[in-house]
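Before any comments, here is the structure.
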Amino acid sequence: MTTSSEIAETIVVTGASTGMGAATARELASRGYHVLAGVRRQADGQALESARIRPVILDITRPEQVAELVRTVEADGRPLRAVVNNAGIAVNAPVEVLPMAEWRRQFDVNFFGHVEVTQALLPALLRSRGRVVMMSSLGGRLAQPTYGAYSGSKFALEAVSDALRRELAPHGVTVAIVEPGAVRTEMVGRGGVTARRLVDGMTAEQEQRYAGLMDAILAQSETFLRGGVESAQAAKTIADAATTRRPRTRYTIGRDAALLTRLARILPDRVLDRLLSSALSKNAPAAPTAH
């Protein structure tokens, strides 16, 4: 780790307002890099700003803000070492229940926005022989019930990352995928709020089919918040993926991600289905006792 001298290179981190993004920006700055930290609000930027962190207003679903980011990178003058595509949202609901507008929003943020940022910054990365870090998820390798939209966006991101890695390898740009499991971030809590709103909007028939499942998923998310890896710890792995000389193609964060991604590769689908169902049943709230 470099802490005593300044590194004349820049790294872009999207989704740096809170959680893993903010922690990653700070971790990279502590290693001597100059960080352009994408935030949605000026107040979030003020909390991050330091000698080596420059907040930039960035909603990756808005092309004009992505274009402004490119101009900022060019004006910065330092080689672009990496872009960490971290911005993301999580919306959990059964496929039948989730409105199409929420499907599109999930993919706009978790998939299309990352593709647009990557396309926009590739000229600078090709000049510097830099790196693309894609923040996927355990959900990018394993789709639990109610994770259809979220996992769909992450599965797509994994596929594009594989294609991009193979396209750019001859040109000196490397691509690394990071797959966190349970991490204590604000995103999980915000997703829970959205999920509860969607539950309230279900029809009576949908509620009969899915209310128990949604209760179990929400309970599981709360367990993740309590027992997950701290954002600062996750940030060390992300920073390694962005800066190590010879990166792995994939990194996992947390024991759950390491174990379940391995099981997803080797277990038959039906066995995996039963394993996930059993895990959810343990999180299901107990039925009320009759008086």
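The values are calculated or read from the model by the stated rules, or taken from the named source; none is laboratory data. All figures in this text were calculated on a predicted structure; none of them were measured in a lab. Methodologically, a virtual Cβ is constructed for each residue, glycine included, from the backbone with ideal geometry; neighbour enumeration extends over all protein chains shown. Side chains included, ligands, DNA and RNA excluded: accessible areas come from the protein's heavy atoms. Shrake-Rupley method; radii C 1.70, N 1.55, O 1.52, S 1.80 Å.
Taking all protein chains as present, what is the carbon and sulfur share of the accessible area of the chain, in % to the nearest whole number, probe 1.4 Å? Answer for the chain: carbon and sulfur cover 52 percent of the accessible area.
Where does the charge balance sit around GLU96 when Lys and Arg score +1, Asp and Glu -1, over other residues with C-beta under 15 Å from its C-beta?
On the way: positive: ARG209; negative: GLU102, GLU205, GLU207.
Value of the local net charge: -2.
Rounded to the nearest whole Å², what accessible area per residue is found for segment 85-183 with the 1.4 Å probe?
Details: 3500 Å² over 99 residues.
Ligands and nucleic acids excluded, the figure is 35 Å² per residue.
When you count the other C-beta atoms within 10 angstrom of each residue and take the mean per peptide, 196-209, 249-262, 96-109 line up highest first as 249-262, 96-109, 196-209.
For segment 143-255, which semi-axes, largest first and in whole Å, follow from the square roots of 5 times the eigenvalues of its Cα gyration tensor? Don't skip to the answer; put the middle values down first.
Details: eigenvalues 228, 65, 17 Å².
Equivalent-ellipsoid dimensions as semi-axes: 34, 18, 9 Å.
Proximity of backbone amide H atoms, modeled 1.01 Å from N, is registered between ARG250 and ILE177 at under 5 Å, excluding neighbours fewer than 5 places apart on the same chain. Taking all protein chains together and rolling a 1.4 Å probe, ASP269 ends up with roughly 120 Å² accessible. Shape class of segment 228-270 from the alpha-carbon gyration tensor: oblate, with a/c at 1.5 or above and b/c at least as large as a/b.
Is it possible to state the helix-based mean residue ellipticity at 222 nm for the chain, with each DSSP H run of 4+ residues giving -39500 (n - 2.57), the sum divided by total residues, to the nearest 500 deg cm²/dmol? What is it? If you can, show how the numbers build up before the last one.
Working: 11 runs with 157 residues, N = 291.
Helix-only estimate at 222 nm: -17500 deg cm²/dmol.
Counted over segment 62-106 with a bin width of 10 Å, the fraction of Cα pairs per bin, in whole percents, is 19, 34, 23, 18, 6.
To the nearest 0.05, what FRET efficiency results for GLN208 and ASP108 with a Förster distance of 41 Å applied to their C-beta separation? Walk me through the numbers before you get to the answer.
Working: r = 32 Å, r/R0 = 0.77.
Efficiency for this residue pair is about 0.85.
Report relative contact order for segment 90-217 in percent, whole number only (criteria: Cα-Cα under 8 Å, sequence separation at least 6). Provide the component values of the computation, followed by the final result.
Numbers: 145 pairs, mean separation 45.0, N = 128.
After rounding, I find 35 percent.
Size descriptors for the chain: radius of gyration and Dmax over Cα atoms are 19.6, 72 Å. In angstrom, the C-alpha Rg and Dmax of segment 105-175 are 13.0, 43.
If you count, for each residue, the other Cβ atoms within 10 Å and average over each peptide, how do 226-234, 31-39, 8-16 line up from highest to lowest? Mind dumping the intermediate values first?
Numbers: 226-234: 16.8, 31-39: 23.9, 8-16: 26.0.
Ranked from most to least packed, the peptides come out as 8-16, 31-39, 226-234.
Evaluating 6.51 cos²θ - 1.76 cosθ + 1.60 at θ = phi - 60° for every residue in segment 138-148, the Karplus couplings come out as 3, x, x, 10, 8, 9, 7, x, 6, 9, x Hz, glycine and proline recorded as x. Going out from 0 in 10 Å bins, what whole percent of all Cα-Cα distances in segment 1-87 drops into each bin? Going out from 0 Å in 10 Å bins, segment 1-87 shows 20, 56, 23, 2 percent. If the segment from ALA101 to ARG265 were pulled out straight at 0.36 nm per residue, it would be longer than the present Cα-Cα gap by 55.8 nm. With one equal scatterer per alpha carbon and no solvent term, the Debye-computed log10 I(q)/I(0) for segment 35-178 at 0.15, 0.19 1/Å reads -0.80, -1.15. The label point for GLU68 and the one for ARG129, both projected 7 Å from the Cα toward the Cβ, are 3.5 nm apart. The listed peptides 159-169, 122-132, ordered by packing as a protection proxy, come out as 122-132, 159-169 (highest mean of other Cβ atoms within 10 Å first). Taking θ as phi - 60° and the Karplus parameters 6.51, -1.76 and 1.60, the scalar couplings of segment 89-105 work out to 9, 10, 10, 10, 6, x, 3, 5, 8, 5, x, 4, 4, 6, 4, 5, 5 Hz in sequence order, x denoting glycine and proline. For segment 244-259, the Karplus equation 6.51 cos²θ - 1.76 cosθ + 1.60, evaluated at θ = phi - 60°, returns couplings of 5, 5, 10, x, 6, 6, 9, 10, 10, 10, x, 5, 5, 5, 4, 6 Hz by residue, with Gly and Pro reported as x.
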